[in-house]
1. Obtain the nm distance between the two label points defined at VAL53 and ALA166 by a simple spin-label model: each point lies 7 Å from its Cα along the Cα-to-C-beta direction.
2. Of the residues MET149, MET105, MET72, which exhibits the maximal mean-square fluctuation in a Gaussian network model of the chain defined by a 10 Å Cα contact cut-off?
3. At 1.4 Å probe size, what's the solvent-accessible area of LEU6? Round to the nearest 10 Å².
4. Using a 10 angstrom cutoff on alpha carbons, build the Gaussian network for the chain and name the most mobile of LEU15, LEU122, LEU137.
5. Name the helices (complete DSSP H segments) of the chain with a Cα length along the long axis of 24 Å or more and a Kyte-Doolittle mean of at least 0.0, or state none.
6. Measuring from centroid to centroid over Cα atoms, what is the spacing of segment 3-34 and segment 79-113 in Å?
7. Under a plain spin-label model, where a point goes 7 Å from the Cα along Cα-to-Cβ, how far apart in nm are ASP131 and TYR31?
8. Could you tell me the calculated FRET efficiency between ALA176 and SER60, based on Cβ-Cβ distance and R0 = 30 angstrom, to the nearest 0.05?
Amino acid sequence: MQIVSLISLWFIPVLIGIILIYGTIKKVPTYESFTEGGKEGIKIAVSIIPFLVGMLVAISVFRASGALEYVMGFIKPALEAVGIPAEIVPLAIIRPISGTAALGMTSDLIASYGPDSFIGRLASVLQGSTDTTFYVLTVYFGAVGIKKMGDALKVGLLADLVGIGAAIIVVTLLFA
């Protein structure tokens, strides 16, 4: 365990040092390249602010309108019939929309049921097996100016669905 701790502590500084040494050997102006990358990063951050604000407003409207509860009530009976806990449904629905909201839900589930419970483990694995598809598409596609994202959205949501299914299967097989 101490070896893993030591490696994780030194990995990034050593990697940065190797990159700087390699750049210097190749006669790349490393400091100038770093500052130029920083300037581009700030420009991108400023350019995506409208997309982030739009996404945050959409998430707030979705939750405040009661749409999340409606969708959950509609899906819950079918999932309970196949042995999927109803407590996970809101997390599975909100995860593709908001990572922060999903993390909050995961924390609540772990606090309520415990980290070693079936629901706590399922929430944790679900959190790591899926992505914030709508957020990723909005921010990254918006940053580069892509307007048509229909196919990427379909593939992203399919990947989330597969991640949810895999999380349920793995946790059920290993911990049920």
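The values are calculated or read from the model by the stated rules, or taken from the named source; none is laboratory data. All values derive from a computational prediction rather than experimental measurement. For neighbour counting, all protein chains shown are included, and Cβ atoms are generated from backbone atoms with ideal geometry for every residue, glycine included. Just the protein is used for accessible areas: all its heavy atoms, side chains included, with ligands, DNA and RNA removed. Shrake-Rupley method; radii C 1.70, N 1.55, O 1.52, S 1.80 Å.
1. A separation of 3.7 nm, rounded to one decimal place.
2. MET149
3. 100 Å²
4. Most flexible of the set in this elastic network: LEU15.
5. 2-25, 30-64, 150-175
6. So the separation of the two Cα centres works out to 39 Å.
7. In this crude label model, ASP131 to TYR31 measures out at 3.7 nm.
8. After rounding, the FRET efficiency stands at 0.25.
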